[in-house]
Amino acid sequence: MTFNTTSTMSTVASTEKAPTRLIVELPMRVFHSLMALSFTGAYITAESERFKLLHVSLGYVLFGLVVFRLLWGFWGPRQSSLTSTWRKLTLPQSFRQLLSVTLAGAALLTLGVAILLSASGYLIYNELAGEWMGEMHEFFGNSLLMLVFVHLAVIAFLSFTKQSQSLRPMWSGRKAGNGPDLAKSNHYVVATLLSLGVVVFLWFQFTSN
């Protein structure tokens with residue numbers, strides 16, 4: 001029995017050297033991860049009086065992350081600008097474009113609904129509104145959950161049909177293929193400050209209450 005070791009080694013080498021491009025910088029990946037975790041945690045603890053402080057704190061974190069995204073969208077790199085996302089909201093000419101429009105629309109709506117969700121939660125926690133605000137808060141929470149499901153469903157469909165590498169860039173920031181990097185830098189300092197800001201805020205919340 002003989003083994004074609006040369007062919008095997010060349011295959012491994014070609015796999016290891018497969019070209020990739022950096023298309024999503026680290027702050028955006030950290031933002032997506034923290035937003036998903038904060039919303040999930042806040043949604044799970046919404047009905048628990050025992051974890052009320054955690055619920056409120058995660059709501060503040062969610063709002064802070066949205067503020068960061070808005071600022072990063074205006075002053076961050078071009079590939080993460082809100083303008084580029086807005087430009088995708090055009091009349092779709094194909095099913096592929098329809099999915100792209102859906103992703104962009106869900107992303108922008110998520111930011112808006114998250115602001116309304118956080119604002120209504122603040123009014124409730126500080127007793128600045130009546131019981132009707134509680135119903136609005138629940139509505140915004142469920143709306144945000146639906147937007148997240150839509151976003152994930154489109155990404156899963158694109159990945160399953162191999163029309164896009166939608167999942168990989170959110171983890172590694174890189175996409176297979178030739179060409180220049182869309183993200184010229186990973187902005188490690190910004191990503192570190194964002195992460196530390198969330199950790200310090202949560203630590204302050206639980207040690208001062």
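Any read-out appearing in this document is the output of simple, stated calculations on the displayed coordinates, not a laboratory observation. In this text, all values refer to a predicted model and were calculated from it rather than measured experimentally. Note that we place each Cβ from the backbone using ideal geometry, even for glycine, and neighbour counts take in every protein chain shown.
Given H placed on each backbone N at 1.01 Å, which residues far from Thr20 in sequence or on other chains put an amide H within less than 5 Å of it?
Close amide H contacts, sequence-distant or interchain: Gly177.
In whole Hz, with x marking every Gly and Pro, tabulate ³J(HN,Hα) for segment 80-89 from phi via Karplus 6.51 cos²θ - 1.76 cosθ + 1.60, θ = phi - 60°.
Whole-Hz 3J(HN,Hα) from phi for segment 80-89: 10, 5, 5, 5, 5, 5, 4, 5, 6, 7.
For the pair Leu37 and Asn178, what calculated FRET efficiency results from E = 1/(1 + (r/R0)^6), where r is the Cβ-Cβ distance and R0 = 35 Å, to the nearest 0.05?
FRET efficiency, Asn178 to Leu37: 0.55.
Please state the Cα pair-distance histogram of the chain with 10 angstrom bins from zero: what percent is in each bin?
With 10 Å bins starting at 0, P(r) equals 7, 28, 31, 19, 9, 4, 1, 0, 0.
Work through the residues other than Pro180 whose Cβ is under 14 Å from its Cβ and net out their charges, Lys, Arg +1 and Asp, Glu -1.
Charge balance near Pro180 sits at +4.
Between rounded, prolate and oblate, where does segment 109-209 land on the alpha carbon gyration tensor, with a ≥ b ≥ c its root eigenvalues, rounded for a/c under 1.5, else prolate if a/b exceeds b/c?
Verdict is oblate for segment 109-209.
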